[in-house]
Every structure is written in structure tokens, then in C-alpha cells.
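Notes for the one structure printed next.
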Amino acid sequence: MILSNLFIAVLSALLLLPCSVLLFQVLAAMLPARHPMLSRQTAVESFVDTATEVCLLMPAHNEASGIHDVLSKLLPQLSPGVRLLVVADNCTDDTASIVRGFHVNYSQIEVIERTNVELRGKGYALDYGVRHLGDRPPQVVLVLDADCVIEPGSIATLTSTCLSSGRPTQALYLMRSSPESSIKTLVAEFAWLVKNQVRATGFHRLGLPCPLMGTGMAFSWQQISTAQLASGNIVEDLQLGIELSRAGTPPQFCPEALVTSYFPTMAEGLVTQRTRWEHGHMGVMISEFPKLLKQSLLNGNGTLLAIALDLCVPPLALLTLLVSALILVGAVVGAVLGSWLPLAIGSLPGAALVVAVMMAWFAFGRQVITLRQLSSVPMYVLAKIPLYARFLIKRQTNWVRARRDGE
């Protein structure tokens, strides 16, 4: 009995760490802001006064179906001093020609093409674009994905925050579900909101860094030009944020700037997208968490410790699955031994997780999903089991673009 209880206690402690970090971040997100927010209007005025040179760097792979609409929405924000460089990377469609059509009337828009079927991935495209900018480097490079829309004023807000702090700056990046989306997609939208808004806001309230999210990222030229970008890492943004933190410039969150995109409605595109994100996240978590934790403790580096703790929180569906499995094990062991202590111990992470999720929903998520829809989480979690099984059997390590709607 003692060994069984000890086994359950060890598993409970392992899961209690990420559940406690999540709960801590949710509680911190509900605190008032540490400093008055920089309004977009103030940022725009400051941006215009300083005549800062900014380049939006947009990697694009076969984005012909949507890039025209993205550029049309972006045009009003290309004020003097702001230019756009699109890297058409290994494209087999009309992405480059569509962008050239804009260049005819807008000299601030430029497109370059890269073809290398062996070295594929967003990191290679970013590296190619940065090296192209070396002939005329801007003060700030802002990375924006080709399927994303950046809200008016956000370019100025990100630029001003990045330059004033001297740190890489991450906008609030949210993914929306379409009106015709399934409940499963609504649950995914809520999980995304918890990860990118609630958790990032919590650490931001405490003056702690945030992970890079892949789009809406602003860097000084010195930071981006010396970064190791050329890789096929499927979560190159997450890895880049870790490396920048080790170099002494941890990314900071800027919730006043907003970038949005939409989940694919096609099942194929959604599965491809989620597999890339979650396999990449789990791979980096396994490889980097022990090293970050060790480095932070040996050097007394609170910033790296915060990054390690944030990284130890797995995707919400996986965490729910692991906690549920622990509760089930505790119940079975308790029934066999005639004691409810194993179940009580195994339920501790579950209690922390439930409180964290419900508080996040009440404070931030009610406009995304109703409580009744949220009750479908168990089915959503069960549907993700094959994705996690593939991580153990055949982990995705190569970059694969998610199929867009209408393609």
C-alpha cells in the first residue's frame, strides 16, 4: 500500500507542477495592469514623429488563395517608413505574381522568391528575407504570417514598445473560429485563447517574459540579424524565443497590439495545423525544459526559470488527458486497496486544472464559448488521443503547411 500511494504521489506531483503554473498564470491575468497601457493613438503619433524605419517580413508558401485580401487590408497601414517584404518560399502557385501586382502601384511592397526543396520551413524563409534586408536594414523587423491580419495601430504599438524596451515584442495573437465551425473548433479557439492571451497576460502582469507565437513579432535589426533562423524546426518561433532569452533579451508581451487569423474549417487543414503545433511544442518541452530549469537554478536567473515554467505546461487537451488518466489510476488503486487516499492524492492536479480552466472561461472566454459548449471538452480530448499517440510512434518533425479553406 505504501508503494502504491508513493507511486500515485510522484505522478501527482509531476502533474501538479504544470497545473499549478497554469492556475498561477490565470490568477495573475486577473490582476490590474502594472503600468498604464500604451494607447494605439499615442503609439501612432510617436511612431510618426520619430520616422522609424520598419519592415514587415512576410513568409508565404502557396498563399495565392488569400494573400490578395491580406495585402488589401494591410495597405492602409503602410505609412511612410513602413515597407513590406514578402518571401514567396517554394511556391508552386501565383503567390509571387499577386504580390508583384501590388508592387506596380505601391513601391513599398516587394516580393522575393526562394526555391529549395531540401531546406523547407518557415525558418529558412525568414533567414532568406533577413539576409535580403541586409543591403538596406530597417530599425525594426516585424514578422507577420501571410494568413494573418494585423489591427490598425498595432504596427506602431509593436515598434514603439520594441524600441523603447530594447526587447523582442510579441503581439496578442488570436485565432478565430468561423460561424460554420464545429464545437470542436470552438473548444480549440478557447484553448488557444488560454495559451496566447490568458497565460501571456498573467506573466506580463508580473513583468515576466512570454514565448514567441510565430506572427506579430517585432525585433530590432540587431536582434533579428544575428539570430539563428535557418532551420526546419516546426515551432521555430518557440525555439527562437528561448535562444533570445538565453542571450539576455527575453521576449515581452504587448497585448495592446492584435493579430488575428482563422482556424481552417476543413478537417484536413485543422488536423495538419494542430499536429504541427502540438508535436512541435511537446518536442521542445521535452528537450528544453530540463536544460532551462538547470541553467536558471545554477545561475539564479529568474527570467529563464519563468520561461521553463511556462514551457512545462503542455497543450491543454494533453494536460486534461493526463490528469484524467491519473484520477482513473488513483480510483482503481484505491478500489483494490480499499482506500480512497490514492484517489484523493491523484485528484489534486485535476482540482487545480478545473479551477484554472473555469476561472479563465469566466474572466476571458465567455464571448468565445458557452458553458454548455465547454462541457464537450471530454469528447474533444478523446478525439486528440490519435494525435498524441502519433507523437510517441511517429513524431512530426518536418514542416507541413496546413491546407487553407477553398484550396
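The values are calculated or read from the model by the stated rules, or taken from the named source; none is laboratory data. Quick caveat: nothing in here was measured; it's all calculated off a predicted structure. A quick note on method: Cβ atoms are made from the backbone with ideal geometry, for glycine too, and the neighbour counts reach across all protein chains shown. For accessibility, only protein heavy atoms count, side chains too; no ligands or nucleic acids. Shrake-Rupley method; radii C 1.70, N 1.55, O 1.52, S 1.80 Å.
Yes or no: Ser245 free of Cβ contacts under 8 Å to residues at least 60 places away in the same chain, among the small types (Gly, Ala, Ser) and in a helix (DSSP H, G or I)? The answer is no for Ser245.
Okay, residues lined up against (1) under 14 Å from the mean Cα position of the chain (by Cα); (2) of a type in the set (A, V, I, L, M, F, W, C):
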{"site": "Pro168", "(1), (2)": "no, no"}
{"site": "Tyr173", "(1), (2)": "yes, no"}
{"site": "Lys184", "(1), (2)": "no, no"}
{"site": "Asn196", "(1), (2)": "yes, no"}
{"site": "Gly202", "(1), (2)": "no, no"}
{"site": "Met217", "(1), (2)": "yes, yes"}
{"site": "Ala227", "(1), (2)": "no, yes"}
{"site": "Gly241", "(1), (2)": "yes, no"}
{"site": "Cys254", "(1), (2)": "yes, yes"}
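Counting only helices (runs of 4 or more DSSP H) wholly contained in region 144-232, the ones carrying 3 or more residues that are at pLDDT below 95 occupy 154-165, 183-193. Give me the residue from region 167-200 that is open to solvent by less than 10 Å² (accessible area, probe 1.4 Å) and touching a Pro at 6+ places or on another chain (Cβ under 6 Å) and, out of that set, farthest from Ala29 (Cα to Cα). The residue in question is Pro168. Somewhere in region 92-114, is a residue open to solvent by less than 50 Å² (accessible area, probe 1.4 Å), assigned to a loop (DSSP other than H, G, I, E, B) and not polar (S, T, N, Q)? No: zero hits.
A search for C-beta distances below 8 Å between a residue of region 206-218 that is aliphatic (A, V, I, L, M) and open to solvent by 10 Å² or more (accessible area, probe 1.4 Å) and any residue that is modelled with pLDDT under 95 and not in a loop (DSSP other than H, G, I, E, B), counting only pairs 6+ apart in sequence or on different chains, returns Met213/Asp237.
When you look at Gln228, is it without any contact (Cβ under 8 Å) to a residue 12 or more places away in the chain and under 18 Å from Leu57 (Cα atoms), yes or no? Spelling it out, it is not the case that Gln228 is without any contact (Cβ under 8 Å) to a residue 12 or more places away in the chain and under 18 Å from Leu57 (Cα atoms). Could you say whether any residue in region 173-183 is in contact with a helix residue (DSSP H, G or I) (Cβ under 9 Å, 6 or more places away or on another chain) and more than 29 Å from Lys195 (Cβ to Cβ)? Checking region 173-183: not a single residue is in contact with a helix residue (DSSP H, G or I) (Cβ under 9 Å, 6 or more places away or on another chain) and more than 29 Å from Lys195 (Cβ to Cβ).
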